[in-house]
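Inspection log for the structure reproduced underneath, given as C-alpha cells.
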Amino acid sequence: MPSFFENLDDDTAAELERLAQLIYELRQNHNAILRSHGAADAAALLQQILDGAVAEHPAYEHYLAARILDDTRDLARAMVGERLKEATLK
C-alpha cells in the first residue's frame, strides 16, 4: 500500500505531519476539558453553567478553553486542506 506522503515533497509532508499531530492534541485536550464536566460539547457545558449545574468558575474558563481549542482545530484542518490542494496543483 503506497504511503499517503509518497507524492509530497519533504517540506510539505513534514508540515502536514506537524499539523496532524497538532489537530490530535487539540482534540484530546478539548475532549478532556469537556469530560471533566460530563459535557458532550461546549454548548452543553455552557448550558450547565447557565442552569447552575456547575459552578461558574472555573467552568466558564473551561468553556472558553474548549471553544478556543475547537476553533484552533478547525483552523489547522483548513490549513491541511489548503496544503493538500496546493500539493495536488503542483
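The values are calculated or read from the model by the stated rules, or taken from the named source; none is laboratory data. Here the structure is a predicted model, which means the values were calculated and not measured. Methodologically, a virtual Cβ is constructed for each residue, glycine included, from the backbone with ideal geometry; neighbour enumeration extends over all protein chains shown.
Structure above, values below:
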{"read-out": "Residue check, residue 87 surrounded by 12 or more Cβ atoms within 10 Å (Cβ to Cβ), in a helix (DSSP H, G or I), modelled with pLDDT under 95 and of a type in the set (Gly, Ala, Ser)", "value": "yes"}
{"read-out": "Where residue 53 falls short, out of the listed (1) of a type outside the set (D, E, K, R); (2) surrounded by 13 or more Cβ atoms within 10 Å (Cβ to Cβ); (3) closer than 30 Å to residue 13 by Cα", "value": "(3)"}
{"read-out": "Residue check for residue 26: touching a Lys or Arg at 6+ places or on another chain (Cβ under 8 Å) and either in a helix (DSSP H, G or I) or farther than 19 Å from residue 72 by Cβ (or both)", "value": "yes"}
{"read-out": "Filtered residue count, segment 32-61, keeping only those that are among the aliphatic types (A, V, I, L, M) and assigned to a helix (DSSP H, G or I)", "value": "11"}
{"read-out": "Verdict on residue 12 being β-branched (Val, Ile, Thr), exposed (fewer than 15 other Cβ atoms within 10 Å of the Cβ) and modelled with pLDDT under 95", "value": "no"}
